[in-house]
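Read the structure below first, then the notes.
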Amino acid sequence: MSMIKKVINRGKNKQGSSTSRILTLPVLAIAGWLTTILPNVAVAASYSNDYSVCAGRLLKVGVTPEAASLGCASALRPRDLAACVVKIENQTQIAATDALYSCGKARRPEELATCVVGASSSTQEAINPAVLDYCGRSLLPVRFGQCVVGLRSQIDLPPTQVLDTCISGGDSVIGASSSSTPSTIIPAGSSPSTETTPFPTQPVIPTQPLIPAQPGTTN
């Protein structure tokens, strides 16, 4: 009787081990498949996230699919590009297609948008395209926008004159030297000349002329 029980137990153990092997193999295969596919999905999501956000936001403000794809693909920071276009579109009368061109050329698109919105709020709506151009030309767009808003709030000047004044003032400040020594202005087309200072020379001492001896005289 005991021998029969041992044989039955051995059979059960073999059946259980074979069943566990059958279940373990699919689990290992699925785990290996997940380890290979999940990193690829994560990498793909990280690469496409900024560009998908950029394209989606541009399409919502009326930019054509062709322009949106080209603008987002060319942008160094696609999110900043889209934020610039959306801000200008929502807070000014400038079309999103016009803003896309200027935002794409700007080194800091968000600062450009801040300049355009601020300057447009204090100027007439008719010169909004001019504001976009001036902010794009300025090396310090936020400062330029503050200049336009500040002058217009205190001085009654034509909008175009204010834009010209602020862009000229910004250029002169950027190009000014930090030292107190005034710079020398060299006319266009001429090359700077170097001045040489002569070295001091020893004074020349005149010599006494020799007087010939007279006959019959001794020296």
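The values are calculated or read from the model by the stated rules, or taken from the named source; none is laboratory data. Just so it is clear, the model here is predicted, and its values are computed rather than measured. As a convention, Cβ positions derive from the backbone with ideal geometry for all residues, glycine included, and neighbour counts pool all protein chains shown. Note: accessible area is taken over every heavy atom of the protein model, side chains too, but ligands, DNA and RNA are not part of it. Shrake-Rupley method; radii C 1.70, N 1.55, O 1.52, S 1.80 Å.
Residue check, GLU111 against (1) under 20 Å from VAL61 (Cβ atoms); (2) of a type outside the set (A, V, I, L, M); (3) open to solvent by 90 Å² or more (accessible area, probe 1.4 Å), all met but one. Which one? The number of the failed condition is (3). Applying the condition of being open to solvent by 80 Å² or more (accessible area, probe 1.4 Å), touching a residue at least 12 places away in the same chain (Cβ under 8 Å) and assigned to a helix (DSSP H, G or I) to the stretch 84-108 and asking which residue is nearest to GLU66 (Cα to Cα) yields ASP98. Scanning the stretch 140-165 for residues that are open to solvent by 10 Å² or more (accessible area, probe 1.4 Å), of a type in the set (Val, Ile, Thr) and under 24 Å from GLY104 (Cβ atoms) turns up just one, VAL142. Within the stretch 114-139, the set of residues being crowded, with 16+ Cβ neighbours inside 10 Å and not in a helix (DSSP H, G or I) comprises SER122, THR123, SER138. Exactly one residue among SER180, SER168 is surrounded by fewer than 18 Cβ atoms within 10 Å (Cβ to Cβ) and at pLDDT below 50, and that residue is SER180.
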